[in-house]
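Report on the structure given below.
Each reported figure results from applying straightforward, stated rules to the coordinates on display, with no laboratory input. Computed from a prediction, not measured in an experiment: that's the story for all the values here. Here Cβ is always computed from backbone atoms with ideal geometry, including for glycine, and neighbour counts include all displayed protein chains.
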Amino acid sequence: MLIIPKRNFFNASEIIVRASAGASELIKCCVADSLEDACRKMKDKGISLIATAKTEEAKDITRIMIRAPLCIIYGGERRGISAGVLSLCDQTAKIKYPRNCHYSLPAVSAVSIISFEIGNKLSGNRPKKK
């Protein structure tokens, strides 16, 4: 399920459907008046919250322990994730770069990488070390 803030881009739904090659029509979507309230409700139901952020406290996505059910919180490229939502999260994850760099991937790329890694962890499809 996708939870988005009331301030959303569904007024451009035709563009979203085309850009997602129709995949957006297959995703259950919910608009929340308050993302903080939505996060509190998920925590009350036992859902683990994982935020994504390039901070010192964040752990490498390949090294975090996850459990289902979970909600992954992705921030926007400019605004990121609010402090209120971050304070509710159980963990903060980041993509570890091979060297110290001062830039971040575009949001769409980061979401793809993190979602792939979490999907692998949940399904048990970990590459075997040689």
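Per-structure values
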quantity	calculated
Under 5 Å, built H, 5+ apart or other chain: amide partners of A32	I4, K6
Segments 98-106, 78-86 sorted - mean Cβ within 10 Å per residue, highest first	78-86, 98-106
Reciprocal mean inverse distance between Cα atoms of the chain - Kirkwood radius, Å	16.1 Å
Percent of beta bridges antiparallel (DSSP, the chain, rounded to nearest 5)	5 percent
For segment 81-98, 3J(HN,Hα) per residue [Karplus equation, 6.51 cos²θ - 1.76 cosθ + 1.60, θ = phi - 60°, Hz, x = Gly/Pro]	10, 5, 4, x, 5, 4, 5, 8, 6, 7, 9, 10, 10, 9, 8, 7, 7, x
Segment 46-118 - Rg and Dmax from Cα coordinates, angstrom	11.7, 36
Under Karplus coefficients 6.51, -1.76 and 1.60, residue-wise ³J(HN,Hα) of segment 21-38 in Hz, glycine/proline x	6, x, 4, 4, 6, 9, 9, 5, 10, 9, 9, 9, 5, 9, 5, 4, 5, 4
